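Colleague: Take this structure, written in structure tokens, and hold onto it; I'll ask about it next.
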Amino acid sequence: QVQLVESGGGLVQPGGSLRLSCAASGTIFIIYAMGWYRQAPGKQRELVATITSGGNTNYADSVKGRFTISRDNAKNTVILQMNSLKPEDTAVYYCNSAIYDTSRRGRYAYWGQGTQVTVSS
């Protein structure tokens, strides 16, 4: 089985920064794209940023210039550095990854449990 474990959420004032981390573990053969999504109360889950195995990145327009996604392939980890945070960034942030799972003999999408980010004064 594969697990994605997130860390780094919390409460921060507007203009502040947070760093989210997500580590994948388990029966992993290959990790393809990794990314972050978020879901605010009463809203649908939306893409925040993604990064391919080769390092190509994609960002939602709302976070461009403020958030940076990176990955450490040796540690099976994806990082989201969030700067200049705004109240509208408040949401539960979820890690997502496409992984070839050797126990299931196929490529599947996995989700982390989510971590709360609250931006408030």
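Colleague: Once phi is turned into θ = phi - 60°, what whole-Hz ³J(HN,Hα) does the Karplus curve with 6.51, -1.76 and 1.60 give for every residue of the range 103-112, x standing for Gly and Pro?
Modeller: Coupling constants for the range 103-112: 6, 10, 6, x, 9, 9, 8, 10, 10, x Hz.
Colleague: Enumerate the calculated ³J(HN,Hα) couplings along the range 78-95 in order (Karplus 6.51 cos²θ - 1.76 cosθ + 1.60, θ = phi - 60°), each rounded to whole Hz, writing x wherever the residue is Gly or Pro.
Modeller: Values, residue by residue: 10, 10, 10, 8, 10, 10, 6, 5, 10, x, 6, 7, 4, 4, 8, 9, 10, 8 Hz.
Colleague: Please compute the modelled spin-label separation between PHE29 and GLN113, points set 7 Å along Cα→Cβ, answer in nm with one decimal.
Modeller: Label-label distance for GLN113 and PHE29, simple model: 2.9 nm.
Colleague: Of the heavy-atom accessible surface of the chain (probe 1.4 angstrom), what whole percent is carbon and sulfur?
Modeller: Carbon and sulfur: 47 percent of the exposed surface of the chain.
Colleague: Right, something else. Using only alpha carbon positions, build the gyration tensor of the chain, then give the equivalent ellipsoid semi-axes as the square roots of 5 times its eigenvalues, largest first, whole angstrom.
Modeller: The equivalent ellipsoid of the chain has semi-axes of 26, 14, 12 Å.
Colleague: What net charge is computed for the residues neighbouring GLN1, neighbours being all others with C-beta under 12 Å from the C-beta of GLN1, Lys and Arg scored +1, Asp and Glu -1?
Modeller: Neighbour charge sum, excluding GLN1 itself: 0.
The values are calculated or read from the model by the stated rules, or taken from the named source; none is laboratory data. Since the model is a prediction, treat every value here as computed from it, not as a measurement. With ideal geometry, Cβ positions are generated from the backbone for all residues, glycine too; neighbour counts draw on all protein chains shown. Just so you know, the surface numbers come from the protein's heavy atoms only, side chains and all, with ligands and any DNA or RNA stripped out. Shrake-Rupley method; radii C 1.70, N 1.55, O 1.52, S 1.80 Å.
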